[in-house]
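S.K.: What follows is a structure written as structure tokens; I'll ask about it next.
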Amino acid sequence: VRHRAMVVQRKTRRPVQFEITETTRESVRAWLEHRGGGLNEYVFPSRLSAKAHLSTRQYARLLDQWVQAVGLIPGEYGTHSLRRTKVAMIYKRTGNIRAVQILLGHSKLDSTVRYLGVDVEDALALSEATDL
């Protein structure tokens, strides 16, 4: 299992790279061993056809079940919030909005600013934390 992967976003047709953490790689390895199959098959096949991949809707349903299973409220977590979480944490820790823009695959910095909800308070907090 690779350390990094790339997907082409459906909406923008832009490639976006992302890391695959060691924990995730171990989980994927275990899943592939359990699932069996070959390299030319989808990692997460559709439940209806092995020739198709898991649908976005089915993934969302599974996520709702996982969230409920750990005692959280499904309405407060979703596929989109999972996408946003890590980059929001990176931005909070580093203030590097350009890195976040690249990770999200946004072409315009303004889109990233709106996506993260960056406001004047964030900018001032970063400024106050930087001593020259």
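The values are calculated or read from the model by the stated rules, or taken from the named source; none is laboratory data. Keep in mind that this is a model prediction, so the values were computed, not measured. Quick reminder, even Gly has a Cβ in these numbers, built from the backbone with ideal geometry, and neighbours come from all protein chains shown. Note: accessible area is taken over every heavy atom of the protein model, side chains too, but ligands, DNA and RNA are not part of it. Shrake-Rupley method; radii C 1.70, N 1.55, O 1.52, S 1.80 Å.
S.K.: Under 28 Å from GLN101 (Cβ atoms) and acidic (Asp, Glu): which single residue out of GLU19, GLU41, GLU33 fits that description?
M.R.: GLU19
S.K.: Which numbered condition trips up SER107, out of (1) within 30 Å of GLU128 (Cα to Cα); (2) assigned to a loop (DSSP other than H, G, I, E, B); (3) within 16 Å of the chain's Cα centre (by Cα)?
M.R.: Here SER107 meets the rest and fails (3).
S.K.: Right, THR79: free of Cβ contacts under 8 Å to residues at least 24 places away in the same chain and in contact with a Phe, Trp or Tyr (Cβ under 7 Å, 6 or more places away or on another chain) or not? Let's see the steps before the verdict.
M.R.: On the way: free of Cβ contacts under 8 Å to residues at least 24 places away in the same chain: yes; in contact with a Phe, Trp or Tyr (Cβ under 7 Å, 6 or more places away or on another chain): yes.
Answer is yes for this residue.
S.K.: Mind checking whether some residue in the range 25-45 is at negative phi, of a type in the set (Asp, Glu) and open to solvent by less than 90 Å² (accessible area, probe 1.4 Å)?
M.R.: Kept after step one, since they are at negative phi, are these residues of the range 25-45: 25-35, 38-45.
Of the ones still in play, those that are also of a type in the set (Asp, Glu) are 26, 33, 41.
So of that shortlist, the ones also open to solvent by less than 90 Å² (accessible area, probe 1.4 Å) come out as none.
No, the range 25-45 contains no residue that is at negative phi, of a type in the set (Asp, Glu) and open to solvent by less than 90 Å² (accessible area, probe 1.4 Å).
S.K.: Now, a different point. Condition first: exposed (fewer than 11 other Cβ atoms within 10 Å of the Cβ) and more than 15 Å from the chain's Cα centre (by Cα). Now tell me which residues in the range 4-22 satisfy that.
M.R.: Passing the criteria: LYS11, ARG13, GLU22.
S.K.: Do we find that THR112 is within 17 Å of the chain's Cα centre (by Cα), over 17 Å from GLN17 (Cα atoms) and in contact (Cβ under 8 Å) with a residue 12 or more places away in the chain in this structure? Before you say what the answer is, go through the steps one by one.
M.R.: On the way: within 17 Å of the chain's Cα centre (by Cα): yes; over 17 Å from GLN17 (Cα atoms): no; in contact (Cβ under 8 Å) with a residue 12 or more places away in the chain: yes.
It is false that THR112 is within 17 Å of the chain's Cα centre (by Cα), over 17 Å from GLN17 (Cα atoms) and in contact (Cβ under 8 Å) with a residue 12 or more places away in the chain.
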